[in-house]
Amino acid sequence: AKQSRPSGMRFYDPAVQAELEAKTELEHDLRLAIERQEFVLVYQTQVGSEGQAIGAEALIRWRHPCRGSVSPGEFIPLAEETGLIVPIGDWVLEAACQQLVVWANDESTRHLTLAVNVSAKQFQQPDFVVTVSNILSQTGAPAQRLKLELTESTVIGKVDDTIARMHQLKALGLSFAMDDFGTGYSSLQYLKRLPLDQIKIDQSFVRDLHHDPDDMAIVQTIIAMGHSLGLNVIAEGVETLAHWRYLHDHQCHAYQGYYFCKPVSASDMVRQSLVPPRM
Ligand code: C2E
Ligand code: CA
Ligand code: CA
Ligand code: CA
């Protein structure tokens with residue numbers, strides 16, 4: 001209510017107030033979500049040039065008892081702002097590594113890689129390398145199958161630190177992808193310096209691919225650059241056969257999107273990937 005506003009506030013806007021309260025409540029629920037085991041991971045297949053499953057990306061879901069399913073677009077930014085992304089991110093890494101162990105124990109799934117999203121704040125924790133190393137040894141997950149997805153926000157202003165840390169992590173056996181590639185502003189400056197294995201073409205360039213000549217040019221350029229720098233190139237947001245065909249014709253290496261599989265439970269993902277899509 002009005003009288004409870006801090007005295008320093010000069011004006012009162014009910015809409016702003018309501019928004020603040022909603023945010024505080026969301027933050028409160030988010031703090032409890034880990035211990036209440038409300039997070040789950042879903043998996044979206046990544047396919048190779050012939051449409052065969054080569055791995056998956058782990059995507060977090062928050063199943064709140066009253067709110068229902070809260071999308072990461074709603075809570076990840078708040079988690080980043082409040083620092084809660086650090087324990088949440090650790091939980092994601094651990095759950096992903098446990099899944100890798102399950103896959104490693106089965107002939108039909110042991111080749112699958114698993115990509116995990118890592119927030120800038122999480123990556124920049126002083127003990128991040130130790131955390132990853134501990135999770136790998138405690139779970140017994142094969143590091144060679146784990147891929148960390150970074151965004152350009154991880155790198156900005158901290159290029160040398162990021163490079164050093166990436167080398168330490170790569171020494172554990174894992175690999176790196178640059179997520180949402182092309183949406184940042186300084187891509188080319190650091191691209192050749194970072195020890196990346198893969199770049200991921202952002203879905204915003206894929207969406208209108210068959211009728212936007214600018215997107216065609218951007219996508220072709222990213223793929224060509226990946227080839228000449230020796231980087232694997234994956235496209236996200238592949239929703240149609242036409243998207244896939246175009247990317248395939250231009251020598252993209254790997255694909256991810258609703259055309260192949262939506263993010264689903266691990267067992268559904270594996271089941272669906274037994275039936276490769278046809279071009
Ligand atoms: P992202 O890493 O770029 O993930 C791709 C998003 O695109 C996912 O949304 C996925 O469900 C969606 N997607 C996949 N295929 C298609 C398609 O064909 N068409 C369209 N339109 N969308 C597609 P989601 O799961 O809602 O995640 C949104 C963002 O939240 C992610 O974007 C990522 O930045 C963040 N996020 C998700 N899980 C985690 C996590 O475990 N840790 C962190 N730090 N961030 C996460
Ligand atoms: Ca991602
Ligand atoms: Ca992405
Ligand atoms: Ca994206």
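The values are calculated or read from the model by the stated rules, or taken from the named source; none is laboratory data. Not measured: the values here are computed from a predicted model. FYI the Cβ positions are ideal-geometry reconstructions off the backbone, even for glycines, and counts take in every protein chain you see. Protein only, heavy atoms only, side chains kept; ligands, DNA and RNA dropped before computing areas. Shrake-Rupley method; radii C 1.70, N 1.55, O 1.52, S 1.80 Å.
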Based on the mean of other Cβ atoms within 10 Å per residue, sort peptides 62-68, 243-249, 93-99, 76-82 so the most packed one is first. 93-99, 243-249, 76-82, 62-68
Segment 100-158: relative contact order from alpha carbon pairs under 8 Å, six or more residues apart, as a whole percent, is 50 percent
If you roll a 1.4 Å probe over the heavy atoms of the protein chains, what accessible area per residue do you get for segment 1-124, in Å²? 53 Å²
With N residues in segment 149-210, what two-decimal value do you get for its Cα radius of gyration over 2.2 N^0.38 Å? 1.17
On the accessible surface of segment 203-267, probed at 1.4 Å with all protein chains in place, carbon and sulfur together account for a percent value of 52 percent
Result for segment 139-279: accessible area per residue, probe 1.4 angstrom, in square angstrom, of 47 Å²
Percentage relative contact order, the chain, counting C-alpha pairs under 8 Å, at least six apart: 19 percent
Based solely on C-alpha atoms, express the radius of gyration and the Dmax of segment 124-277 in angstrom. 16.7, 49
Estimate the FRET efficiency between residue 40 and residue 164 by the formula 1/(1 + (r/R0)^6), using the beta-carbon distance for r and 45 Å for R0, to the nearest 0.05. 0.85
Which angle from 0 to 90°, rounded to the nearest 10, does the C-alpha axis of helix 213-228 make with the longest principal axis of the chain? 70 degrees
Enumerate the amide H contacts of residue 56 below 5 Å, restricted to partners 5 or more residues apart or on another chain; note that Pro and chain-start residues carry no placed amide H. 46, 113, 114, 115
Can you give the net charge of the other residues whose Cβ lies under 14 Å from the Cβ of residue 66, counting K and R as +1 and D and E as -1? 0
In segment 5-136, carbon and sulfur make up what percent of the accessible area (probe 1.4 Å)? 53 percent
At 20 °C and a viscosity of 1.002 mPa s, what translational diffusion coefficient does Stokes-Einstein give for the chain, taking Rh as the Kirkwood radius over Cα pairs? Give it in µm²/s as a whole number. 106 µm²/s
Set the bar at 29 Å for Cα to Cα. Now go through 23/147; 200/262; 192/262; 147/262 and name every pair that lies beyond it. 23/147; 192/262
Note, residue 184: beta-carbon cut-off 13 Å, +1 each Lys/Arg, -1 each Asp/Glu, net -3
